[in-house]
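A.B. asks: Could you have a look at this structure, given as structure tokens, before my questions?
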Amino acid sequence: MAEPSPVARFFAAADTLLERAEPAWWGTVVTDSRFPDVYDLNYARVDTAQPDLTLTEVEAALLPAVRAVGARHFHVVVFEPERTRRLVRELEAAGHEISWDSAMEFAGATPQEPRDHVVDPVRDLDAEFWRAQEQVYREFDVHDRAALDQLIRWARETLAPAGRRWFTVRVAGRLAGIGSLQTREGVAYVDDVMTFPEFRRRGIAAAIVTRIVREARELGAEHIMLLSDSADAVRLYERLGFRRAGRVAGAYSKLDADQPKGSSGSMRDPDSVAPPADGDSMDKGPG
């Protein structure tokens, strides 16, 4: 099998934090009964090009696994969609909502320290911080109470002990923006970058990403990656030294408990819709 891309390598390593990772000839099905309402944690991952892979083969592995943990969604992430076209076409024909992200890799020189804003690492993951993190998820249009609680538990109980770090900007003492960094298998991943609405258009997201890139370089990361689903955000990241390194396709639909295999439908869960990006926010992406 071909070597996975850096972003696929990161998610494969991150998924080892979940309860189950069942390999298949075409990729992996990952599930976690602790977080059944978080679709990014219960899904099928196709890491490399698989031109002959069919939807039937993915369904045969994915559907029993997600139902076993109580998940009510169908989610597939394809990291080489241009060379896995048969599966992508069949997912679309079956009525699944298809989303596209640009995988971006930092390719510039190590940036200078941000000048316009002070970016501080979060040292105390206290109740105030987790309330702010919930607000971040709400800005990403996650409003379901169960999903919010599970996302916070995932971040607090799993990601933070595994090394995820957060960085913030404050304006007049108020939290204005936040972003996070995690490095696994030599790949640094920039995630959950968000400027809160009243502080946007001030360069806060750019300052946070710049600080995270500097931190990743100091950690010796071989690759610094992020995912973006917005043309405006892509232009921002290109100005900061990132370049497009490919695309990632995701397929999603709700899954009714009484539906047979292969009939997961096309109704998009409103809690999975990413917000309109304005250069100050980025989609969380898969994983």
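The values are calculated or read from the model by the stated rules, or taken from the named source; none is laboratory data. In this text, all values refer to a predicted model and were calculated from it rather than measured experimentally. Because the Cβ atoms are built from the backbone with ideal geometry, glycine has one as well, and the counts that use them run over all protein chains shown.
A.B. asks: Between residues in region 220-231 that are assigned by TED's automatic domain parsing to the domain that holds VAL209 and residues that are charged (D, E, K, R), which pairs lie under 6 Å by C-beta distance while being six or more apart or on different chains?
C.D. replies: HIS223/GLU105; MET225/GLU105; LEU227/ASP101; ASP229/ASP101; ASP229/ASP283
A.B. asks: Answer yes or no as to whether GLU90 is modelled with pLDDT of 95 or more, in a helix (DSSP H, G or I), in contact with a Lys or Arg (Cβ under 7 Å, 6 or more places away or on another chain) and charged (D, E, K, R). Outline the logic, then answer.
C.D. replies: On the way: modelled with pLDDT of 95 or more: yes; in a helix (DSSP H, G or I): yes; in contact with a Lys or Arg (Cβ under 7 Å, 6 or more places away or on another chain): no; charged (D, E, K, R): yes.
Criteria not met by GLU90.
A.B. asks: Going through region 124-145 one residue at a time, which ones are out of contact with any Lys or Arg (no Cβ under 8 Å at 6 or more places or on another chain), part of a loop (DSSP other than H, G, I, E, B) and not charged (D, E, K, R)?
C.D. replies: VAL142, HIS143
A.B. asks: When you scan region 1-63 for strands (runs of 3 or more DSSP E) that lie fully inside it, which ones turn up with 1 or more residues that are under 14 Å from the mean Cα position of the chain (by Cα)?
C.D. replies: Answer list for region 1-63: 43-46.
A.B. asks: While we're on this one: Would you point out which residue out of ASP144, ASP120, ASP126 is at negative phi and free of Cβ contacts under 8 Å to residues at least 24 places away in the same chain?
C.D. replies: None of the others qualify; the one that does is ASP126.
A.B. asks: Being surrounded by 20 or more Cβ atoms within 10 Å (Cβ to Cβ), outside any strand (DSSP E or B) and modelled with pLDDT of 95 or more narrows it down to one residue among ALA206, ALA251, ALA233; which is it?
C.D. replies: From the options ALA206, ALA251, ALA233, the qualifying one is ALA206.
A.B. asks: Could you figure out which of (1) buried (at least 18 other Cβ atoms within 10 Å of the Cβ); (2) modelled with pLDDT under 95; (3) over 23 Å from ARG202 (Cβ atoms) isn't true of ALA109?
C.D. replies: Single failed check for ALA109: (1).
A.B. asks: Kindly provide the set of residues from region 64-81 that are assigned to a helix (DSSP H, G or I) and closer than 19 Å to ALA103 by Cβ, ordered by number.
C.D. replies: PRO81
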